[in-house]
Amino acid sequence: MQDKLQQIKTEALLALKSVKDKIQLEELEIKLLGRKGGQLTELLKGLKDLSEDAKREVGQLANEIKKDIESALAKKKTEFVQQEMAGLLEKENLDITQPSLPPKVLGHLHPNTIIQNDLEDLFTSMGFMVLDGPELESEYYNFSALNIPADHPARDMQDTFYIKGHSDWVMRTHTSPMQVRAMQKYGTPLRMIVPGKCFRNEATDVRHEHTFYQLEGVVVDKDISFAHMKGVLESVFKHIFGPETKIRLRPKFYPFVEPGVNGEVTCYLCKGKGCRLCKQTGWLEVFGAGMIHPNVLKEGDIDPNIYQGFAFGFGLTRLAMLKYGIEDIRLLESGNMKFLEQF
Ligand code: PHE
């Protein structure tokens, strides 16, 4: 048995010399010391058949050999780790002797905020006021006041987070609840925008997130027409995507506008020729809009026979993604510094 032990050791040290990487090292370790079928382990099972004296003698030798093998393996492992580190340093071109940089004390704006600030400036220059609304909303302002009754399927499309014990409160699914709040508070004439956080119960993926930003706009006055709406939206999107940008309005149903439209802009990447970003259509879908429904004006204590208005809403988050070429919406709320530091 002693001979066998010595043989295992010699062979082990020899095998160790030809080990080329961590995986081979691990394989060798298992082959020698593995609890099931390891050469040494198996051999030592024979100890129990020896006499007491022989047991002691062989046992001692076995321990020494085991230790020798273990330390040879450990040494090799350290070598591999060092090689790996050196490789990494070389690849990343890191100079670990360089003194550290002072910590960054100044933060900077989030991409959503950059877009928001820019649009707030644009809208204030056109005479709009900038309002802020509650993120925890009543079901009334989020849905009912917007002509979306309790049994309306539009509520399913905007499933959100409800608050335990307060079945009439919701995390707002859009910035539209501020339409009626603003009408009630400021009356006519009204020109306002509301940028802010919205929430939906989404199965998140690269295009869907439970938390995102919208910007809502409302104009109410006498003699306000669809043409005013188109003019304002055209100015906004020319400002964002450049002067040659066109907008296209196609009918779409939203319960709180009539008529309602789905708004698209010429794809800023291919200038309307068709590319991957616009799925070869030349157009990017970016907003919803329409003439405010008489029922909504009434909820805002405004007489629809005297006043008209338009409303629009778009995803600030989506605009930030388009502007900066961000492909995964989840990055925006991730707090990932590597991502954020690029802006
Ligand atoms: N609130 C709508 C949405 O989130 C957008 C919208 C706003 C549509 C105003 C029309 C008028 O999808």
Q: Give the residue, chosen from 100, 125, 51, 71, that is farther than 30 Å from residue 238 by Cβ, modelled with pLDDT of 90 or more and polar (S, T, N, Q).
A: 71
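Matching residues to (1) of a type outside the set (A, V, I, L, M); (2) touching a residue at least 40 places away in the same chain (Cβ under 8 Å); (3) in contact with a strand residue (DSSP E or B) (Cβ under 6 Å, 6 or more places away or on another chain):
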| residue | (1), (2), (3) |
| --- | --- |
| 20 | yes, no, no |
| 26 | yes, no, no |
| 36 | yes, no, no |
| 44 | no, no, no |
| 50 | no, yes, no |
| 53 | yes, no, no |
| 58 | no, yes, no |
| 61 | no, yes, no |
| 64 | yes, no, no |
**Q.** Single condition residue 295 does not satisfy, out of (1) touching a Leu at 6+ places or on another chain (Cβ under 8 Å); (2) at pLDDT 95 or above; (3) of a type in the set (S, T, N, Q)
**A.** (1)
Q) Can you tell me which residues in the stretch 211-225 are part of a strand (DSSP E or B), more than 14 Å from residue 319 (Cβ to Cβ) and open to solvent by less than 40 Å² (accessible area, probe 1.4 Å)? A) 211, 218, 219, 220
Q.
Here is a list: 9, 45, 22. Which entry is more than 13 Å from residue 69 (Cβ to Cβ), among the charged types (D, E, K, R) and surrounded by 14 or more Cβ atoms within 10 Å (Cβ to Cβ)?
A. 22
Q: List every residue pair whose Cβ atoms lie under 8 Å apart, where the two residues are 6 or more positions apart in sequence or sit on different chains, the first residue falls within the stretch 152-169 and is over 15 Å from residue 200 (Cβ atoms), and the second residue, located anywhere, is within 13 Å of the ligand (Cβ to nearest atom).
A: 152/143; 152/255; 169/137
Q.
Restricting to the stretch 79-108, name every residue that is of a type in the set (Val, Ile, Thr) and surrounded by 10 or more Cβ atoms within 10 Å (Cβ to Cβ).
A. 81
Q: Taking residue 232 as the residue in question, decide whether it is farther than 24 Å from residue 170 by Cβ, within 14 Å of the ligand (Cβ to nearest atom) and either at pLDDT 95 or above or surrounded by fewer than 14 Cβ atoms within 10 Å (Cβ to Cβ) (or both).
A: yes
Q. Residues in the stretch 39-47: is at least one assigned by TED's automatic domain parsing to the domain that holds residue 6 and more than 59 Å from the chain's Cα centre (by Cα)?
A. yes
Q) Name the residues in the stretch 170-189 that are crowded, with 22+ Cβ neighbours inside 10 Å and either more than 14 Å from the ligand (Cβ to nearest atom) or touching a residue at least 40 places away in the same chain (Cβ under 8 Å) (or both), would you? A) 174, 175, 176, 177, 178, 179, 180, 182, 183
Q) Under the condition of being among the charged types (D, E, K, R) and more than 15 Å from the ligand (Cβ to nearest atom), which residue from the stretch 140-169 is most open to solvent (accessible area, probe 1.4 Å)? A) 164
Q. Here are 91, 67: which of them is within 30 Å of residue 10 (Cα to Cα), in a helix (DSSP H, G or I) and of a type in the set (Lys, Arg)?
A. 67
Q: Please enumerate the residues belonging to the stretch 206-222 that are of a type in the set (Asp, Glu) and out of contact with any helix residue (DSSP H, G or I) (no Cβ under 8 Å at 6 or more places or on another chain).
A: 221
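The values are calculated or read from the model by the stated rules, or taken from the named source; none is laboratory data. Keep in mind the model is a prediction, meaning the values are calculated, not measured. With ideal geometry, Cβ positions are generated from the backbone for all residues, glycine too; neighbour counts draw on all protein chains shown. In case anyone asks, the SASA skips ligands and DNA or RNA and just uses the protein heavy atoms, side chains included. Shrake-Rupley method; radii C 1.70, N 1.55, O 1.52, S 1.80 Å.
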